[in-house]
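*Asks:* Below are the structure tokens for one structure; questions will follow.
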Amino acid sequence: MELLSPVAPGWGGTLLVGLLHSIEIAVGATCLGLMIGTAGAFGKLYGGPVTRDLLAVYTTIVRAVPELVLILLLYYAGTDLINQMLTAIGYSRVDISGLAAGIFVLGFVQGAYSTEVIRGAILAIPQGQIEAARAYGMSPGLMLRRITLPAMLPFAIPGLANLWLIATKDTALLAVVGFFELTLATRQAAGVTKAYLLFYLAAGALYLALTLFSNLIIGRVEAWSRRGMPSVKEAR
Amino acid sequence: MSAEAVAINMAARASIWLKPHRIVLILIALALVLCAAFFMRWDWLPQYWEMGLIGLWRSLWILAVTCALGFALAVPLGLAQAGGPIWFSAPAKAFCTIIRGTPLLLQLWLLYYGLGSIFPQYPWIRESWLWPYLRQAWPYAVVALTFSFAGYEGEVMRGAFAGVPRGQLEAARAFGMSRWKIFRRIWLPQAFYRALPTLTGETVLQLKSTPLVATISVIDIFAVSSKVRQDTYLTYEPLLLLALIYMTITGILVFVFSRIEARIPVKIG
Amino acid sequence: MKTVLKTFAAALLIGVAAMGGVAKAEQVKIGIAAEPYPPFTSPDASGKWVGWEIDFVNAVCAEEKLDCVITPVAWDGIIPALTTKKIDAIVSSMSITDERKKTIDFSDKYYNTPTAIIGPKDQKFGATPDDLKGKVIGVQVSTVHAVYAKKHFTGAQEIKEYQTQDEANNDLAAGRIDAVQADSIALGEFLKTDQGKACCDLKGMVAPDDEVLGPGVGVGVRKEDTALKEKFNAGIKAIRANGKYDEISKKYFDFDIYGGATQSN
């Protein structure tokens with residue numbers, strides 16, 4: 001048990017650092033995914049035919065190919081491509097850290113799923129609200145900010161919350177490309193100490209705690225975003 | 001008349017693909033594929049295709065077996081949570097929460113490296129008939145993937161069982177059906193139809209989880225592509241082909257399931 | 001509404017910040033395999049990497065005034081990581097082979113040790129192809145040992161490839177495989193652990209095959225980075241001449257791991 005102590009002879013500290021990295025990546029990837037998802041949803045709904053087709057290709061491919069394969073492809077190809085493009089247009093290459101690469105890769109995957117979630121949420125907004133905004137003469141930007149985004153939020157939150165939970169678990173896949181997060185930290189600690197079962201159970205408990213804690217927060221946020229709306233039970 | 005209708009129908013279908021911008025996009029995609037075919041290295045294909053087929057077969061049977069077993073396990077899990085007494089529902093709920101709350105990769109390593117290193121310490125396990133199986137990697141892969149599928153699908157089945165209208169079950173009881181008969185004739189089929197639409201998605205997710213078994217030395221199609229990468233030091237070609245293979249399987253799965261769904265008369269009432 | 005906007009602005013900032021600064025030209029990223037590989041490279045409980053190879057590369061970098069940073073990456077992707085410039089040099093017990101030289105370049109060798117076979121204590125066998133007939137042999141993926149086992153141990157029941165050396169050792173201890181082939185020092189270190197002592201012992205050294213096993217371990221660099229390669233060569237020569245190399249080695253080994261000038265194994 002002293003193997004798990006958080007100070008130096010124990011490996012608890014290493015695991016916690018790994019957990020921190022996992023959370024950092026999950027937060028970053030979810031944020032990036034949200035940005036891609038919002039842009040993607042608007043592109044799919046209001047974009048031209050070419051934009052729509054390209055977005056359809058993006059979401060279909062990402063949802064049909066295993067995350068592990070995408071992570072490997074993007075991890076090597078994505079960063080390489082960015083640097084090749086930068087050198088081609090005369091900039092010096094940037095140093096893409098493991099953290100940034102991980103956020104970029106997972107965010108790209110999350111973006112495809114968030115696109116669908118947000119698209120569905122926007123479609124669920126009562127048409128009258130948008131028409132009313134138009135009748136008031138709101139510019140598209142103002143309408144997006146004042147009406148569409150806040151009105152879609154309650155519809156989007158359950159799906160987005162689910163995506164956040166998936167993101168926290170998908171960070172484990174980055175262990176396969178050698179990124180130091182909770183699963184890789186566990187694997188290293190287990191390998192050095194040979195206490196495999198102990199460390200994998202400990203890491204499992206940490207992931208579970210993260211999920212349960214997230215669920216708690218999500219419940220609060222959901223209640224907050226639905227304030228002023230008739231409750232689901234009443235609506236039925 | 002009908003021939004005309006068919007022709008119009010076909011023309012309508014074709015026109016979806018023949019809008020000018022789509023033609024351009026398709027041409028660009030074709031050009032990209034041709035570029036990939038000509039400018040990338042594919043000379044390793046003849047040497048590895050046989051291995052690839054074996055790997056593909058392994059991926060597919062792992063997918064089929066774990067989905068079937070996982071669903072079989074999901075039914076009691078869902079049932080226990082939907083209508084069971086607390087000493088059934090609480091463990092079932094805990095199981096689903098744990099499976100859904102931790103990464104599959106970690107579960108897989110916990111089983112293979114964690115639990116697997118405990119077994120040989122007991123001589124009676126080493127001498128039992130199970131040992132030749134416990135020595136190999138695939139049983140751990142099958143168990144982990146089955147549990148994962150059961151965990152997610154168990155949650156779906158809980159909702160499906162709970163969603164069957166009370167009136168139907170009460171009517172069945174009024175007919176004097178036994179509890180087992182009610183379950184077999186009314187409750188399970190109704191719940192199954194309700195869960196059917198989610199099965200496509202869950203199966204595709206399960207397919208996307210199968211490459212993880214490569215990390216515990218099961219040689220599936222993903223492991224074959226890793227092998228090509230390591231032998232030839234090519235990064236992109238094997239991964240791109242692999243992505244294409246997974247997309248094809250996903251496409252086939254979605255097509256087959258939509259056919260099955262269309263055939264089963266879904267009447268939820 | 002403001003909160004929504006704030007969230008988005010924060011997200012954007014995180015994204016931009018994460019993309020990081022421009023690479024400093026003089027920083028050299030030393031790629032090591034992100035796995036315990038004692039006594040060469042392994043993480044300690046505080047997350048720092050320690051071992052002979054870490055001390056060695058730090059000495060070389062100090063000698064050549066290079067600003068080196070240790071960058072752990074997955075072993076099975078370490079060559080792509082080098083070619084796609086995620087790292088600038090591989091210092092991870094990588095043997096110099098003609099096969100690898102098609103893709104990357106190497107410095108002069110910095111150590112060379114024989115290749116060994118270990119197996120369960122209760123079974124008696126040696127390290128010849130005949131001894132290993134019908135056995136399941138574990139090796140680490142994309143190592144010279146994997147290539148060697150496949151070439152010479154054709155009678156083996158199966159040659160199982162693992163992502164990390166540690167997993168192969170663990171599976172041997174768990175009785176899932178019958179033998180492990182790897183570098184003799186790394187295996188010796190495993191046999192010194194409680195797990196290793198309990199299960200396994202040394203079966204012998206494999207017959208030499210220079211074509212596969214190569215002349216030793218070198219620093220892997222990109223083909224175009226000849227200046228960096230020359231710096232490593234000069235650094236290795238310098239620390240061998242000034243006694244630093246021996247000083248570091250004495251901390252870990254009671255014999256010379258550099259290997260003779262002519263091939264002994």
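The values are calculated or read from the model by the stated rules, or taken from the named source; none is laboratory data. None of the values given here were measured: they were computed from a predicted structure. Cβ coordinates were reconstructed from backbone atoms using ideal geometry, including for glycine residues, and neighbour counts include every protein chain displayed.
*Asks:* Can you say whether A:Val57 is free of Cβ contacts under 8 Å to residues at least 60 places away in the same chain, in a helix (DSSP H, G or I) and more than 10 Å from chain C (Cβ to nearest Cβ), as far as the supplied structure shows? First the steps, then the outcome.
*Replies:* Working: free of Cβ contacts under 8 Å to residues at least 60 places away in the same chain: yes; in a helix (DSSP H, G or I): yes; more than 10 Å from chain C (Cβ to nearest Cβ): yes.
Considered against the rule, which asks whether it is free of Cβ contacts under 8 Å to residues at least 60 places away in the same chain, in a helix (DSSP H, G or I) and more than 10 Å from chain C (Cβ to nearest Cβ), A:Val57 comes out as yes.
*Asks:* Give the number of residues within the stretch A:55-87 that are crowded, with 16+ Cβ neighbours inside 10 Å and under 21 Å from A:Ala121 (Cα atoms).
*Replies:* Of the residues in that region, 5 qualify.
*Asks:* Return the only residue of C:Asp171, C:Asp201, C:Asp130, C:Asp210 being in contact (Cβ under 8 Å) with a residue 60 or more places away in the chain and either away from chain B (no Cβ under 13 Å) or closer than 22 Å to A:Leu184 by Cβ (or both).
*Replies:* Testing whether each residue is in contact (Cβ under 8 Å) with a residue 60 or more places away in the chain and either away from chain B (no Cβ under 13 Å) or closer than 22 Å to A:Leu184 by Cβ (or both) leaves just C:Asp201.
*Asks:* Moving on. Just to be sure, is B:Leu79 part of a helix (DSSP H, G or I), on the phi < 0 side of the Ramachandran plot and modelled with pLDDT of 95 or more? Step through it out loud before you land on a result.
*Replies:* Details: part of a helix (DSSP H, G or I): yes; on the phi < 0 side of the Ramachandran plot: yes; modelled with pLDDT of 95 or more: no.
In short, no.
*Asks:* Let me ask you something else. Provide a single number: the residues in the stretch C:213-241 that are outside any helix (DSSP H, G or I) and either on the phi > 0 side of the Ramachandran plot or in contact (Cβ under 8 Å) with a residue 24 or more places away in the chain (or both).
*Replies:* Just the residues of the stretch C:213-241 that are outside any helix (DSSP H, G or I), to begin with: C:214-225.
From the residues that got through so far, the ones that are either on the phi > 0 side of the Ramachandran plot or in contact (Cβ under 8 Å) with a residue 24 or more places away in the chain (or both) too are C:214-223, C:225.
Total satisfying the criteria: 11.
*Asks:* Quick check on the stretch A:192-205: of everything there that is at the interface with chain B (Cβ under 9 Å from one of its Cβ atoms), assigned to a helix (DSSP H, G or I) and of a type outside the set (Ser, Thr, Tyr), which residue is surrounded by the fewest Cβ atoms within 10 Å (Cβ to Cβ)?
*Replies:* Out of the qualifying residues, it is A:Ala205.
*Asks:* Here's another thing I want to ask about it. Any residue in the stretch A:176-184 that is surrounded by 19 or more Cβ atoms within 10 Å (Cβ to Cβ), of a type in the set (Phe, Trp, Tyr), touching a helix residue (DSSP H, G or I) at 6+ places or on another chain (Cβ under 9 Å) and assigned to a helix (DSSP H, G or I)? Lay out the reasoning, then the answer.
*Replies:* Initial filter on the stretch A:176-184 (surrounded by 19 or more Cβ atoms within 10 Å (Cβ to Cβ)): A:176-184.
Now drop any that are not of a type in the set (Phe, Trp, Tyr), which leaves A:179-180.
From what's left, touching a helix residue (DSSP H, G or I) at 6+ places or on another chain (Cβ under 9 Å): A:179-180.
Next, from what is left, pick out any that are assigned to a helix (DSSP H, G or I): none.
No: zero hits.
*Asks:* From the list A:Tyr113, A:Tyr136, pick out the single residue that is more than 14 Å from chain C (Cβ to nearest Cβ) and buried (at least 16 other Cβ atoms within 10 Å of the Cβ). Spell out the reasoning first.
*Replies:* Values: A:Tyr136 fails: buried (at least 16 other Cβ atoms within 10 Å of the Cβ).
None of the other options fit; the residue is A:Tyr113.
*Asks:* Taking the stated definitions as given, is C:Ala156 in a strand (DSSP E or B) and more than 13 Å from every other protein chain (Cβ to nearest Cβ)?
*Replies:* Values: in a strand (DSSP E or B): no; more than 13 Å from every other protein chain (Cβ to nearest Cβ): yes.
When the stated conditions are applied, C:Ala156 does not pass them.
*Asks:* Also: Please determine whether any residue of the stretch A:113-121 is in contact with a Pro (Cβ under 9 Å, 6 or more places away or on another chain) and part of a helix (DSSP H, G or I).
*Replies:* Keep residues of the stretch A:113-121 that are in contact with a Pro (Cβ under 9 Å, 6 or more places away or on another chain), which gives A:117, A:121.
After this cut, where a residue has to be part of a helix (DSSP H, G or I) as well, the list is A:117, A:121.
Within the stretch A:113-121 (the criterion being in contact with a Pro (Cβ under 9 Å, 6 or more places away or on another chain) and part of a helix (DSSP H, G or I)), the answer is yes, since at least one residue qualifies.
*Asks:* Output yes when any residue across the stretch B:95-115 is buried (at least 19 other Cβ atoms within 10 Å of the Cβ) and modelled with pLDDT under 90, and no when none is.
*Replies:* Checked the stretch B:95-115: no residue is buried (at least 19 other Cβ atoms within 10 Å of the Cβ) and modelled with pLDDT under 90.
*Asks:* Could you count how many residues in the stretch C:165-182 are under 10 Å from C:Pro120 (Cα atoms) and part of a helix (DSSP H, G or I)?
*Replies:* Summing the residues that are under 10 Å from C:Pro120 (Cα atoms) and part of a helix (DSSP H, G or I) in the stretch C:165-182 gives 2.
*Asks:* Let me ask something else about it. Can you confirm whether C:Ala45 is in contact (Cβ under 8 Å) with a residue 60 or more places away in the chain and either small (Gly, Ala, Ser) or not assigned by TED's automatic domain parsing to the domain that holds C:Ile104 (or both)? Spell out how you get there, then give the answer.
*Replies:* Numbers: in contact (Cβ under 8 Å) with a residue 60 or more places away in the chain: no; either small (Gly, Ala, Ser) or not assigned by TED's automatic domain parsing to the domain that holds C:Ile104 (or both): yes.
Spelling it out, it is not the case that C:Ala45 is in contact (Cβ under 8 Å) with a residue 60 or more places away in the chain and either small (Gly, Ala, Ser) or not assigned by TED's automatic domain parsing to the domain that holds C:Ile104 (or both).
*Asks:* Still on this structure, I have one more. Could you tell me whether any residue of the stretch C:47-68 is within 14 Å of chain A (Cβ to nearest Cβ) and modelled with pLDDT under 90?
*Replies:* If we filter the stretch C:47-68 for residues that are within 14 Å of chain A (Cβ to nearest Cβ), which is where we start, we get C:47-51, C:67.
Within this subset, residues satisfying the condition of being modelled with pLDDT under 90 are C:47.
Within the stretch C:47-68, one or more residues are within 14 Å of chain A (Cβ to nearest Cβ) and modelled with pLDDT under 90.
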